[in-house]
Amino acid sequence: MENSLKTKLKNTITYTILAVWALINLFPLYWMFTFSLKDNREIFGENVIGLPRQWLWSNYEAALTTGNMGLYFLNSIIVTGLTIVLTTVLALMASYALNRLVWRGRNLVNSIFMLGLTVPIHAAILPIFIILRNLKMTNSYQALIIPYTAFALAMAIMICSGFIQNIPKELEEAACIDGAGVFGIFFRIILPLMKPALSTIAIFTFLQAWNELMFAVIFISDSKFRTLSVGIQTLSGSYTTDWGPIGAALVIATFPTLIAYSFMSKKIQQSLMAGAIKG
């Protein structure tokens, strides 16, 4: 009886702590959503935390039309989507070549890729800008896609390599005996087993590219190619600022991240658990 009471008490305390922690983490999302539906008077004094007295859905219309958030949202989708595709494809190919194929210099190449984890993004801004300017690639989608992919590759290759190293080689040997070539083994054996790793790479690359600001500010000056992170800055006026549309733009920018994680969270958890068990 005492053990049952102790167990119930422990569970109650645990769930209470978890509920409070969940509320603390969800409060910024609640505040941002209500912030996006208020005017400056409510935001800065009369009603900071509460629900809006008047739900100003017009803030979203202003953000999408006057603020040009629709175009910036599309640009972010294009840049982020192509970055994810390039990163996953290149990481899969590179990690398979580095861990399964035998060729001279693969350890050196792998070390060079891993050095990418130690390079701060800010240290590379000037040389990347000079290269892009000389190639006349500034003010274009590739001015962001190529650097984003390059900086995401090191982490992606490390994740893929960890999974490939734990795939039994007997599976590939059996496929080879059945007549499969390198590409057949890669697409039929390796790729289906890499889905948790691909989900992890996709969400990490998405967060990196979607929220990146420094490269987008420096490499893009033409409004046609601005991404959301830069576009939100343009909503701030020189003398006065209507903060409601800025809040609406922040909600628009945050919503895809929540959707992406909600669809991929199980795969990410499986990936992390598998890595922990195998490690």
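The values are calculated or read from the model by the stated rules, or taken from the named source; none is laboratory data. It should be emphasised that the depicted structure is a prediction, and the values quoted were computed from it without experimental measurement. All Cβ positions, even for glycine, are placed from backbone atoms using ideal geometry, and neighbour counts span all protein chains on display. Heads up: the accessible areas ignore ligands, DNA and RNA and are worked out on the full protein's heavy atoms, side chains in. Shrake-Rupley method; radii C 1.70, N 1.55, O 1.52, S 1.80 Å.
Which aspartates and glutamates does residue 169 reach when only Cα atoms under 19 Å apart count, and residues fewer than 8 places away in its own chain are ignored? Excluding near neighbours in sequence, the set is 178. Ignoring trypsin sites (Lys or Arg not before Pro) that are buried or in helix or strand per DSSP, and keeping those with at most 13 other beta carbon atoms within 10 Å, what is the longest stretch of the chain between them? Counting only loop sites that pass the neighbour cut-off, the longest clear stretch is 137-279. Given a Förster radius of 45 Å and the C-beta distance between residue 17 and residue 101 as r, what FRET efficiency does 1/(1 + (r/R0)^6) yield to the nearest 0.05? The value I calculate is 0.35.
Compared with the rule-of-thumb size 2.2 N^0.38 Å for a compact globular protein, segment 176-236 has a Cα radius of gyration ratio of 1.89. Counting only the Cα atoms, the chain fills a convex hull of 207 Å³ per residue.
Computed over the alpha-carbon pairs of segment 151-266, the distance histogram in 5 Å steps reads 2, 9, 14, 13, 14, 11, 9, 8, 6, 5, 3, 2, 1, 1, 0 percent, short to long. The distance between label points at residue 25 and residue 137 comes to 3.8 nm (points 7 Å beyond Cα on the Cα→Cβ vector).
For the chain, carbon and sulfur atoms together expose 68% of the accessible surface, with a 1.4 angstrom probe and every protein chain in place. Placing pseudo-labels 7 Å out from each Cα toward the beta carbon at residue 177 and residue 126 gives an inter-label distance of 6.0 nm.
What is the extension gain from residue 74 to residue 54, computed as 0.36 nm multiplied by their sequence separation minus the C-alpha to C-alpha distance, in nm to one decimal?
On the way: separation 20, 0.36 × 20 = 7.20 nm, distance 2.98 nm.
That works out to 4.2 nm of additional length.
Heavy-atom accessible area for residue 55, with the other protein chains in place and a 1.4 Å probe, reaches approximately 110 Å². Of all aspartates and glutamates in the structure, not one has an alpha carbon short of 12 Å from that of residue 136, not counting any fewer than 8 places away in one chain. Only helices enter the 222 nm calculation for the chain: every DSSP H run of n ≥ 4 contributes -39,500 (n - 2.57), and dividing by all residues gives -23000 deg cm²/dmol, rounded to 500. Springs between alpha-carbon atoms under 10 Å, Gaussian network over the chain: tell me which of 178, 242, 222 tops the mean-square fluctuations. In this elastic network of the chain, the residue with the biggest mean-square fluctuation among 178, 242, 222 is 178. Where does the Debye-calculated log10 I(q)/I(0) of segment 115-154 sit at q = 0.26, 0.31, 0.34 Å⁻¹, using only Cα point scatterers of equal weight, no solvent? Result of the Debye calculation: -0.92, -1.12, -1.19. For segment 1-68, averaging the sequence separation of C-alpha pairs within contact (under 8 Å, six or more residues apart) and dividing by the residue count gives a relative contact order of 24 percent.
Per residue, how large is the accessible surface of segment 100-171? Use a 1.4 angstrom probe and give square angstrom. Present the calculation step by step, with values, prior to reporting the outcome.
Numbers: 4410 Å² over 72 residues.
Using a 1.4 Å probe on heavy atoms only, each residue of segment 100-171 averages 61 Å².
Straight-line cross-link partners of residue 38 among the aspartates and glutamates, defined as a Cα under 18 Å from its Cα and at least 8 positions apart when in the same chain: 46, 61, 242.
Quick check on packing: order 142-148, 243-249 by the mean number of other C-beta atoms within 10 Å, highest mean leading.
Details: 142-148: 21.7, 243-249: 23.7.
Output ranking for 142-148, 243-249: 243-249, 142-148.
Under 20 Å from a label point set 7 Å out along the Cα-to-Cβ vector of residue 170, the amide N atoms of segment 184-215 belong to 185-186, 188-194.
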